[in-house]
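> Pasting a structure below so you can have a look.
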Amino acid sequence: MSLGSSKTTYKKIVLCYSGGLDTSVILKWLQDTYKAQVVTFTADLGQEFADPTHFKVIEEKAKKLGAVAHYTLDLKKVFITDYIYPAIKANALYQNVYPLSTALGRPLIAIEAAKIAKKEGAEAVAHGCTGKGNDQVRFNVTIRAYTPDLEVLQPVIEWGMGRDDELKYAEKFGIPILKANKKYSTDENLYGRSAECDILEKPEEIAPEDSKEWTVAPQQAPDIPEIIKIGFEKGIPVSLNDEKLEPISLFRILHDLGCKHGVGRIEQMEDRAVGLKSRETYETPVGCILIPAHFELEKYVSTKNENAFKYLVDQRWTQMAYEGLWVDPLMDDLNAFVNEMNVKVTGWVKVRLFKGSANVVARQSPYGIYDLNLATYDTKSTFNQKASYGFMDLFGLSSRMGFQTKSRMKSDGKK
Ligand code: ARG
């Protein structure tokens, strides 16, 4: 049972802790309000690739703020293999643009938090989400599915503090603020970075350059295009320029290439799970390279019917993942279909990176459903063009009849 906090005191709470202002204030607030022991947990999803000290600093901060224990888990590999790969196989772009970078990480963090809570004998898991976003849904649904007897606490809903109150609270309790002047609310992992708040809340204003941290502005990107060759096996990217790479290295290199060429800057007016519309901005270089590449290869090796149906499955998969419903058995059903279709998605794709764009320019597969002899414009083609008359006659039959019937209705004045 968990519909917010049901008690005035808790013995032990596990807190999903990022080290930022919100979760640091929460760490103190939970001890203060519920007299609870708090165990903190930070997930390494590759948010600080470049800085190995980052997680040590977070741990020290948590301990200083009273955490009785702290867990840092390196989840980079499993994040790629169990969350991002399925998303690539499903060509997951929410509302046709957003590769779900934040969305994919949440269920994984939630499952690990639930495991820690069980191990620690905690009564509740707390997280720092507001009551307006998608992340709360992704955490809540997953944690409650895995550990139905735990409560999920959401202090930001309970306490009614604004950002100024939080800053005051932080000052009162001596909470160090790492990036005090941080304008934007951001979330980062190895698949992408999202930025919200401040001027970004005005959809009519162009997102300022200081809201980007990873990618160069496309106009500042190199003047010479770079063509990369990505190898896929069963729908999964496995090599770059003919060199086999481990998932983390492959992602790291693609990330750097994308950032250098200004690839992956996207934004949209997004429909959130709770019904709000929100202007969201992202830098997702890896997704903006891999998804078009995968999509194009998959299209090449699949039939017209498979491609048409896959589109529907992909849309549904993406919606489920966006809304954090990984635990819903439909997700397993959809994955079974997606995996089956991806068995043949093997081959390579060349992608041209140039001033903010990543375009597929060539592809090859041993399973490509393409026959040069049939498709060629050359007169030697084995395609029987005469058969087209019969094909068109029957293919268009019902449409022609419908059109003529409608025209008759119009001339009879019935429409
Ligand atoms: N709108 C995105 C999503 O729901 C990003 C949320 C990012 N969170 C943040 N704290 N900035 O997946």
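The values are calculated or read from the model by the stated rules, or taken from the named source; none is laboratory data. From a predicted model like this one, the values you see are computed outputs, not experimental measurements. Using ideal geometry, Cβ is built from the backbone for each residue, glycine included, and neighbour counts are taken over all protein chains shown.
> Quick check on this structure: which one of Arg138, Arg106, Arg163, Arg193 is surrounded by fewer than 20 Cβ atoms within 10 Å (Cβ to Cβ) and either over 15 Å from the mean Cα position of the chain (by Cα) or not aromatic (Phe, Trp, Tyr) (or both)? So that I can check it myself, show each step before the final result.
Numbers: Arg138 fails: surrounded by fewer than 20 Cβ atoms within 10 Å (Cβ to Cβ); Arg106 fails: surrounded by fewer than 20 Cβ atoms within 10 Å (Cβ to Cβ); Arg193 fails: surrounded by fewer than 20 Cβ atoms within 10 Å (Cβ to Cβ).
Criteria check complete, one pass: Arg163.
> For the stretch 191-210, which residues satisfy the criterion of being in contact with a Ser or Thr (Cβ under 6 Å, 6 or more places away or on another chain), touching a residue at least 40 places away in the same chain (Cβ under 8 Å) and within 12 Å of the ligand (Cβ to nearest atom)? Break it down into steps so the answer makes sense when it comes.
Here is the first cut: in the stretch 191-210, the ones in contact with a Ser or Thr (Cβ under 6 Å, 6 or more places away or on another chain) are 191-192, 194-197, 200, 207.
Okay, now just the ones that are also touching a residue at least 40 places away in the same chain (Cβ under 8 Å), so 191-192, 194-196, 200, 207.
Selection gives Tyr191, Gly192, Ser194, Ala195, Glu196, Leu200.
> Here's something else I'd like to know. Can you go through Ala122, Ala110 and tell me which one is in contact (Cβ under 8 Å) with a residue 24 or more places away in the chain and in contact with a helix residue (DSSP H, G or I) (Cβ under 7 Å, 6 or more places away or on another chain)?
Ala110
> Another question, then. Somewhere in the stretch 1-24, is a residue touching a His at 6+ places or on another chain (Cβ under 8 Å), aliphatic (A, V, I, L, M), at pLDDT 95 or above and farther than 30 Å from Thr284 by Cβ?
no
> Right, next: Pairs under 8 Å by beta carbon, first residue loosely packed, with under 15 Cβ neighbours inside 10 Å in the stretch 226-247, partner hydroxyl-bearing (Ser, Thr, Tyr), six or more apart or different chains?
Correct list of pairs: Glu233/Thr346; Lys234/Thr346.
> Something else: If Ile143 meets every condition in (1) within 30 Å of Gly264 (Cα to Cα); (2) touching a Leu at 6+ places or on another chain (Cβ under 8 Å) apart from one, which number is that one?
(1)
> Would you confirm, using the coordinates I've provided, whether Asn96 is assigned to a loop (DSSP other than H, G, I, E, B), within 16 Å of the ligand (Cβ to nearest atom) and not β-branched (Val, Ile, Thr)?
On the way: assigned to a loop (DSSP other than H, G, I, E, B): yes; within 16 Å of the ligand (Cβ to nearest atom): yes; not β-branched (Val, Ile, Thr): yes.
It is true that Asn96 is assigned to a loop (DSSP other than H, G, I, E, B), within 16 Å of the ligand (Cβ to nearest atom) and not β-branched (Val, Ile, Thr).
> Okay, next question. Please determine, by comparing only the residues of the stretch 101-121 that are part of a helix (DSSP H, G or I) and of a type in the set (Gly, Ala, Ser), which one is farthest from the ligand (Cβ to nearest atom). Can you show your working first?
Filtering the stretch 101-121 for residues part of a helix (DSSP H, G or I) gives 101-120.
Cutting the leftovers down to of a type in the set (Gly, Ala, Ser) gives us 101, 103, 105, 110, 113-114, 117.
Working: Ser101: 7, Ala103: 4, Gly105: 9, Ala110: 14, Ala113: 17, Ala114: 20, Ala117: 22 Å.
Filtering the stretch 101-121 for residues that are part of a helix (DSSP H, G or I) and of a type in the set (Gly, Ala, Ser), the one farthest from the ligand (Cβ to nearest atom) comes out as Ala117.
> Taking the stretch 258-273, which residues are aliphatic (A, V, I, L, M) and either within 10 Å of the ligand (Cβ to nearest atom) or under 14 Å from the mean Cα position of the chain (by Cα) (or both)? I'd like the intermediate steps shown before the answer.
At the first step, the residues of the stretch 258-273 found to be aliphatic (A, V, I, L, M) are 263, 266, 269, 273.
Ile266, Ala273, listed by residue number.
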